[in-house]
1. Could you list all residues from the stretch 34-59 that are exposed (fewer than 15 other Cβ atoms within 10 Å of the Cβ), assigned to a helix (DSSP H, G or I) and either at pLDDT below 95 or more than 15 Å from the chain's Cα centre (by Cα) (or both)?
2. Being surrounded by fewer than 18 Cβ atoms within 10 Å (Cβ to Cβ) and in contact with a Leu (Cβ under 9 Å, 6 or more places away or on another chain) is the filter here, so list the residues in the stretch 17-28 that pass it.
3. Exactly one condition in (1) part of a helix (DSSP H, G or I); (2) at pLDDT below 95 is false for V31; which is it?
4. Could you give every pair whose Cβ atoms fall below 6 Å, whose first residue belongs to the stretch 67-91 and is in contact (Cβ under 8 Å) with a residue 40 or more places away in the chain and within 17 Å of E22 (Cβ to Cβ), and whose second residue is aromatic (F, W, Y) and assigned to a helix (DSSP H, G or I), counting only separations of at least 6 or pairs across chains?
5. Scan V7, V31 and give me the residue that is surrounded by 13 or more Cβ atoms within 10 Å (Cβ to Cβ) and either of a type outside the set (F, W, Y) or under 19 Å from Y108 (Cβ atoms) (or both).
6. So which of R17, R68, R75 is in a loop (DSSP other than H, G, I, E, B) and either at pLDDT below 95 or in contact with a Gly (Cβ under 7 Å, 6 or more places away or on another chain) (or both)?
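The values are calculated or read from the model by the stated rules, or taken from the named source; none is laboratory data. All figures in this text were calculated on a predicted structure; none of them were measured in a lab. Cβ atoms come from the backbone with ideal geometry, glycine included; neighbour counts cover every protein chain shown.
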Amino acid sequence: MNWYLDVLKKYAVFSGRARRKEFWMFALFNVIAIAVLATVDSLLGTFPLLYGIYVLAVFLPSLGVSVRRLHDTGRSGWWLLFGIVPIVGGITLLVFNCLEGEQQQNAYGPNPKLAPAY
């Protein structure tokens, strides 16, 4: 849960780097929250309401952690636009998000794995 909250605290931070764990834990909690909210919305008969509010609320944090994750692999955040390309774009971004980050400091900052854990 701390990984999810840390991303929300960095609400619109597009600089720096994000570890794989930070990115994937945020993605996992997002999928769970979206599934729960969509189910509750369907049961209440207000489908797009809660679901839509949540998706809008986490749009910028999702974008920020995605950009920081690409920075960790040494790529610019502009690579997110490659996701527009059907099939190939999504698969490419999935591979980039699964790759280990650069071990040394890169143009986007120091290795987040070497940062002290809190």
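1. Within the stretch 34-59, A35, V36, T39, V40, S42, L43, L44, P48, L49, G52, I53 qualify.
2. Hit for the stretch 17-28 is R20, nothing else.
3. (2)
4. What qualifies is R69/F23.
5. Unique residue meeting the criteria: V7.
6. Just one listed residue meets the conditions, R17.
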